[in-house]
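Structure first, then comments.
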Amino acid sequence: MFNFHSLSSSSSGNCYLIETNKTKILVDVGITVKKINTELEKINLSLNNIDAIFITHEHSDHCKSLNNIAKLYNIPIFINKPTFNALKDKENIEQVNYIKSNQEYIFHDLNIKPFDIPHDAAQPFGYTFKKGSKKISVATDMGTISQDALKALSNNSFALIESNYDINMLNAGKYPYYIKKRIASNYGHLSNNQCSEMIAQLIQNNTTNFMLGHLSVNNNFPELAMETIKSELITNNINLKDIQLSVASNDCLSNNIIIEE
């Protein structure tokens with residue numbers, strides 16, 4: 001078994017589960033402890049079943065409940081040192097395992113490799129999880145399409161990729177100018193158009209199963225993200241029948257992605 005579950009994916013909170021027969025790993029815990037357990041219960045799990053937590057970066061929508069989880073559960077936490085140092089709440093965190101970019105770590109039956117992403121955080125990571133010949137990657141909070149991310153997400157069985165905002169909705173929205181500028185910067189977030197460009201490149205590199213994630217609640221919506229990306233892929237002469245494309249729910253468990261039974 002090798003599965004991916006999105007428990008929540010948006011600018012308000014992110015949490016993902018990588019699951020095998022032997023291992024249950026959460027990537028980010030940007031929602032409450034109660035909410036994590038509520039979503040895990042839908043697949044007959046709880047935080048008591050989690051073997052490890054891997055953190056991408058220190059922003060609250062990715063680590064909101066990390067300190068509380070450390071207080072309540074005995075779960076090892078994997079994080080890079082600059083990110084740990086940047087955490088606001090960490091007094092309960094004791095089981096810290098420091099990890100470095102582009103180094104491979106073996107955890108139970110998974111090979112896990114962090115990679116750098118361009119974002120305005122201390123040292124933001126994406127992750128690849130490999131089981132045998134199958135690979136799952138998670139890459140959100142990217143201001144631009146980086147070569148590190150393209151390399152990591154190539155030849156994947158499945159990839160969760162950020163499709164954060166629609167540029168027209170962002171420009172017309174109520175956010176102050178400095179926030180709009182940050183979101184659209186090279187260290188902000190990927191737009192729907194940038195996401196479609198990245199997916200088009202990855203299709204050429206043998207990755208064909210994608211989930212759009214980290215959609216902004218205020219500057220995007222699932223139907224628009226999906227339509228934008230499909231339209232641009234068709235423009236690039238990509239047959240939509242050759243790929244799998246879905247959107248992560250912003251506040252609850254999404255459809256299970258089964259990579260290996």
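General remarks:
- Restricting attention to segment 214-251, the residues that are loosely packed, with under 15 Cβ neighbours inside 10 Å and of a type in the set (A, V, I, L, M, F, W, C) total 3.
- Pairs where the first residue, in segment 87-107, is farther than 14 Å from residue 54 by Cβ and assigned to a loop (DSSP other than H, G, I, E, B) and the second is of a type in the set (A, V, I, L, M, F, W, C) and modelled with pLDDT under 95, C-beta under 8 Å, 6+ apart: 87/93
- Which numbered condition residue 171 fails, given (1) among the polar types (S, T, N, Q); (2) under 17 Å from the mean Cα position of the chain (by Cα); (3) surrounded by fewer than 22 Cβ atoms within 10 Å (Cβ to Cβ); (4) part of a helix (DSSP H, G or I): (2)
- In segment 9-49, the residues that are aliphatic (A, V, I, L, M), buried (at least 19 other Cβ atoms within 10 Å of the Cβ) and assigned to a helix (DSSP H, G or I): 36, 40
- Near pairs, Cβ below 9 angstrom, 6+ apart or cross-chain, from segment 72-85 (over 9 Å from residue 98 (Cα atoms)) to any residue that is part of a helix (DSSP H, G or I) and of a type in the set (A, V, I, L, M, F, W, C): 72/33; 72/47; 73/33; 73/47; 75/47; 75/69; 83/63
- The residue that is surrounded by the most Cβ atoms within 10 Å (Cβ to Cβ), among those in segment 194-213 that are closer than 25 Å to residue 179 by Cβ and in contact with a Ser or Thr (Cβ under 9 Å, 6 or more places away or on another chain), is 213.
- Residue match in segment 53-71 (condition: under 30 Å from residue 261 (Cα atoms), surrounded by fewer than 22 Cβ atoms within 10 Å (Cβ to Cβ) and not β-branched (Val, Ile, Thr)): no
- Breaking point among (1) in contact with a Lys or Arg (Cβ under 7 Å, 6 or more places away or on another chain); (2) among the polar types (S, T, N, Q); (3) not in a loop (DSSP other than H, G, I, E, B), for residue 6: (1)
- Lone qualifier among 81, 131 - being farther than 24 Å from residue 10 by Cβ, at pLDDT 95 or above and either hydrophobic (A, V, I, L, M, F, W, C) or buried (at least 17 other Cβ atoms within 10 Å of the Cβ) (or both): 131
- Of the residues in segment 184-193, at least one is touching a Lys or Arg at 6+ places or on another chain (Cβ under 8 Å), under 21 Å from residue 14 (Cα atoms) and either at pLDDT below 95 or assigned to a loop (DSSP other than H, G, I, E, B) (or both).
- Hits in segment 40-68 (condition: touching a residue at least 40 places away in the same chain (Cβ under 8 Å) and either over 23 Å from residue 110 (Cα atoms) or polar (S, T, N, Q) (or both)): 42, 56, 58, 59, 61, 64
- For segment 50-68, a residue qualifies if it is within 18 Å of residue 19 (Cβ to Cβ) and not in a loop (DSSP other than H, G, I, E, B), and the qualifying residues are 52, 53, 54.
- Inter-residue pairs, beta-carbon under 7 Å, first touching a residue at least 40 places away in the same chain (Cβ under 8 Å) and in segment 198-220, second among the charged types (D, E, K, R) and assigned to a loop (DSSP other than H, G, I, E, B), 6+ apart: 214/141; 219/166; 220/166
- Selected residue (criterion: nearest to the chain's Cα centre (by Cα)) from residues of segment 55-93 that are closer than 25 Å to residue 216 by Cβ and of a type in the set (Asp, Glu): 61
The values are calculated or read from the model by the stated rules, or taken from the named source; none is laboratory data. Everything numeric in this text was worked out from a predicted model, so none of it was measured. Here Cβ is always computed from backbone atoms with ideal geometry, including for glycine, and neighbour counts include all displayed protein chains.
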